[in-house]
Amino acid sequence: MASWLNDLSAQFKLNFIDKDRWRLLLNGLGNTLLISLFAVLIGILIAVVVALVRTTWSNNASRMRPGFRKGLLHFFDRLCGLYITVIRGTPTVIQLMIMYYIVFASSSDGVMIAIVAFGINSGAYVAEIIRGGILSIEKGQMEAGRSLGLNYAQTMLYIIAPQVLKNVLPALANEFIVLIKETSIAGYVAVPDLTYAGNRIRGITYSAFMPLIAVALIYLVIVLVLTRLVGILERRLRQSDGRTS
Amino acid sequence: MTAGLHNTNRSGEPGEVLIRVEHLKKHFGSLEVLRDVSQEIRRGQKVVLLGPSGSGKTTFLRCLNLLEEPTGGKIYFEGQDITAPHVNIDALRSKMCMVFQQFNLFPHLTIRKNITLAPVKLKLQSREEAEANCEKLLKRVGLYDKIDAYPRQLSGGQQQRIAIVRAMAMNPDVMLFDEPTSALDPEMVGEVLSVMEQLALDGMTMVVVTHEIGFAREVADHVVFMDGGVIVEQGTAAEVLDRPQMQRTQDFLRKVLK
């Protein structure tokens, strides 16, 4: 037993303490969080625009008069559909490599490229979550807003959006958890993220257990913290259900 | 009148034509729901639309504020052709508010917010004015204690009374009711109808689609019976309900009153 413990602490020292190797993990963690955070923001931005274009088209196409505005909206609807098809139909790692080796071939800022690639990827999935959320709101809500004289945008903003947010939050949280873990492929384009750091330590020390378990635990902690935060937000948004008051 | 539910601070003579509908047609695909309906609604009038389901009465009502876009014909509101292209429909809708069968309160907002949102966001009233108006109206319908509740905490009848208050808070020129009591439990119908009766006494112009014959008899000064997308018969409540001339009206009333 004692020798096992001794062995463990020796492994710990070798993998994390010697030559300050923990700094590799810390740096990797920083990159993982940086990429995840900004990719989520870009993803939401893209997703909101795409979901609005697609629902606005499907809500209003039948009653719009033919003309430039209708043609333009139709074009953007098709474009958004194509975007979702392509992103969902190809592996993320391929998208990442296309970004790194083709689209941004002249740039060497791997973190920036990863942010863009993961943001565009996440946007397609989140767009469908938000679109589903908008479609799940009863038609009467839009009609009630419009019948009071609010325009389409105002009704979306004040009536539909807050209800959508509440409904899609669990699915959205799930998507962000997936995204954080998916950034672990950033190493494919030489971005030193958390996974890359753990793998690098493994390559130096020739011991797999310590660095890989450490990396797994760190991901787990990030996800647990995120889950907790979303839970708090969800409870606050659920106020109007009349369950808490 | 200042003590009434409805602020009659708008210009306009009682009795002038408020809404004029000319040869209104509406198709849903190949289904003809309205075929050539013409009707005038005068300021202060209470018009009740009766008819079997599928007769087009709800579609007619929804065409008035363009929730359904007419396939043909014209609708004039306060002299303006609202079926013309590039009409600011939002400004018009704020003057002809609708009460729905399913209430359609905003579930994420308190009653206070439900009522004050539109007047404040549309800058028709300051927040203080809107709040004061909201409190006054809620006291009138006996729901002031619910002002900070959420819709889900209210009964159906209470929700529909709030929906009526929400429409009234806009100070509209006309209110449209789309089967306002059809989704209610029987014991809650009365409280909603009494709010509507009060509103009628205060001089509000009302267009009401309903199956409540009693309400039509009490309140309506014009009853329109529709069937198959056309107006079959119209006149005073006594004329249409007590001495119907047309066979279809008689059949309908016999079934409803049975």
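The values are calculated or read from the model by the stated rules, or taken from the named source; none is laboratory data. Treat the numbers as computed from the prediction; the structure is a model and nothing was measured. Please note: Cβ atoms are built from the backbone with ideal geometry, for glycine as well, and neighbour counts cover all protein chains shown. The protein model used for the area step is the full one, side chains on, heavy atoms only, and it has no ligands, DNA or RNA in it. Shrake-Rupley method; radii C 1.70, N 1.55, O 1.52, S 1.80 Å.
Some points to look at:
- Scanning the stretch B:117-137 for residues that are part of a helix (DSSP H, G or I) and within 14 Å of A:Gln154 (Cβ to Cβ) yields B:Leu117, B:Ala118, B:Pro119, B:Val120, B:Lys121.
- Residue tally, condition touching an Asp or Glu at 6+ places or on another chain (Cβ under 9 Å) and surrounded by fewer than 19 Cβ atoms within 10 Å (Cβ to Cβ), over the stretch B:108-119: 2
- Residue count for the stretch B:60-91 under the criterion of being open to solvent by 10 Å² or more (accessible area, probe 1.4 Å) and either part of a helix (DSSP H, G or I) or more than 8 Å from every other protein chain (Cβ to nearest Cβ) (or both): the result is 21.
- Residue tally, condition closer than 22 Å to B:Thr210 by Cα, touching a residue at least 40 places away in the same chain (Cβ under 8 Å) and not hydrophobic (A, V, I, L, M, F, W, C), over the stretch B:70-105: 5
- When the stretch B:126-153 is filtered for residues that are open to solvent by 30 Å² or more (accessible area, probe 1.4 Å) and touching a helix residue (DSSP H, G or I) at 6+ places or on another chain (Cβ under 7 Å), the ones remaining, listed by number, are B:Arg127, B:Glu131, B:Glu135, B:Tyr144, B:Lys146, B:Asp148, B:Tyr150, B:Arg152.
- Among the residues of the stretch A:157-170, those identified as over 18 Å from B:Leu124 (Cβ atoms) and buried (at least 19 other Cβ atoms within 10 Å of the Cβ) are A:Ile160, A:Gln163, A:Val164, A:Lys166, A:Val168.
- Total residues in the stretch B:175-195 satisfying the condition of being within 12 Å of another protein chain (Cβ to nearest Cβ) and either surrounded by fewer than 20 Cβ atoms within 10 Å (Cβ to Cβ) or among the hydrophobic types (A, V, I, L, M, F, W, C) (or both): the figure is 4.
- Of residues in the stretch A:129-143 being in a loop (DSSP other than H, G, I, E, B) and not small (Gly, Ala, Ser), the one farthest from the chain's Cα centre (by Cα): A:Glu138
- Residue satisfying condition, being farther than 26 Å from A:Ala114 by Cβ and more than 14 Å from every other protein chain (Cβ to nearest Cβ), within set A:Pro170, A:Pro162: A:Pro170
- Qualifying helices (runs of 4 or more DSSP H) (wholly inside the stretch A:8-101; at least 3 residues being under 29 Å from A:Leu217 (Cα atoms)): A:22-60, A:92-98
- Sole residue being over 30 Å from A:Ile134 (Cβ atoms) and open to solvent by less than 60 Å² (accessible area, probe 1.4 Å), chosen from A:Asn15, A:Asn60, A:Asn6: A:Asn15
- Candidate set from the stretch B:92-116 (those that are more than 24 Å from B:Arg152 (Cα to Cα) and part of a helix (DSSP H, G or I)); member that is farthest from the other protein chains (Cβ to nearest Cβ): B:Leu92
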